[in-house]
1. Nothing charged except the Cβ atoms of Lys and Arg (+1) and of Asp and Glu (-1): what's the magnitude of the dipole of the range 103-239 about its Cα centre? Round to the nearest 20 debye.
2. With only alpha-carbon atoms counted, please give the Rg and Dmax of the range 270-384, in Å.
3. Given that just one value was derived from the coordinates, which of [x] 22.1; [y] 18.0; [z] 20.5 is mean projected area of the Cα convex hull in nm²?
4. Probe radius 1.4 Å, ligands and nucleic acids ignored: give me the carbon and sulfur share of the accessible area of the range 53-104 as a rounded percent.
5. Would you please report the Å³ per residue occupied by the convex hull of the alpha carbon atoms in the range 116-208?
6. Could you let me know the centre-to-centre spacing of the range 69-84 and the range 146-179, using Cα atoms, in angstrom?
7. For the range 58-150, report the % of Cα-Cα distances exceeding 19 Å.
8. Using the crude model of +1 on Lys and Arg Cβ and -1 on Asp and Glu Cβ, and no other charge, please compute the dipole size for the chain relative to its Cα centre, in debye to 20.
Amino acid sequence: MDIFSLRTAAWLGATVVAAGLLGTAGCSSSSSSAPSTSASPKTFSVKQLILGETMKHSFQPNGTGAMQSEHLVQPDDIAAVGGHIYVGFQNNLGPQGEAAGSGNLDSTLVELTPTGSVVKQWDVKGKIDGMGADPATSRVILTVNEDSKSSLYVESGGTITHYTYAQSPLPHKGGTDAVSVYNGKILVSASAPGTSGTAPKDAAAVYVVTLNTAAKTAAVTPFFAINATATAVNGTNAGKTVTLALTDPDSNMVMPSSSPKFAGDFMLNAQGDKKLIFSGPSGQNLQVVNINNAVDDSAVATSASGTLYMTDSSADSVVALTGPFKPGTVYTAIAPCNANSAPSTCPNPPAWPPNSLGAINLTTGAVTTTYHGPITPKGMVFVP
């Protein structure tokens, strides 16, 4: 475990204006119509907090030989707990933990203050692709290797503990991704089904994970399946029961209690399928919103003030966007290249642009760009 302490690498304090922000992409209650497109312009400030090229980690190429060092790259998932922000840098690893070109086998978890001062960093074996925080225990839970050969780490009190899954390979023959703690349960996306073999037709889309702290193992049980039935919220089947047929369980989150729609529900983003699935604590009585573009992480603004923290993988940076925000808005990283229909060469503008910051209308499924600036967001978390 390598721990470094660095100061803020702030480079940008720009103020930007997005005309008509939060128009059709605003979140609305189920009893109301889509929001007006005549919203007045909103002014946002964007500041870069840390830059990967100012930070380094040490590693042994392919796990052997003399130590080397390299800059941190590819920040992806992000979480907030205990007044601090946690970011996972993937460092060019493959989706099954394959070594980077440098021979590096480790991702780096970075803890920083809200103003960008780095507190600690830890190297973990594998590609960090999912992360979530447990506010009840102040733990940060992260998964590595989203396609296969996956495992899980828990950071608590400055110490990281590695857990291996008790079932290997996992029942859905894939990896694990995003993490949420929902009513005390650890819920993990069952990503890339069928990577290491044929996935069962009723393979889990989301697992409930139970940690055995003595054995350092993590047992999984299904929360709901890729072929579960759900009530369609929008589209031609609105109000009808549909079969999900998910192929790409990816990010997830718990909707805040103040959300105008789906308050307190768990949300799974089936990224390539362009579907958002909402569930209560039982994993039953699902609802599905079909969206018109693929998205990565999302975050709900719970106050007019606050900060939306985002990772920008293309710039190897973490940025902070401040409001005013419209409470209840579901901000999202629009990710066209993650759709199942995306071409092999992507981004490929204008039809297939890079990631951008947008918002989701949970009534209509419309995903619209809300910020035209020099960031390509992936992970995000809102801190009021």
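The values are calculated or read from the model by the stated rules, or taken from the named source; none is laboratory data. Keep in mind that what you see is a predicted model, and the values were worked out from it rather than measured. Every residue, glycine as well, gets a Cβ built from its backbone with ideal geometry; the counts of neighbours run over all protein chains shown. For the accessible areas, the whole protein counts, side chains as well, though only heavy atoms, and no ligand, DNA or RNA atoms are used. Shrake-Rupley method; radii C 1.70, N 1.55, O 1.52, S 1.80 Å.
1. Value, rounded to 20: 240 debye.
2. Using the Cα atoms of the range 270-384, the pair Rg, Dmax is 14.4, 42 Å.
3. [y]
4. Carbon-and-sulfur percentage of accessible area, whole number: 44.
5. 101 Å³
6. 18 Å
7. 40 percent
8. That gives a dipole near 680 debye.
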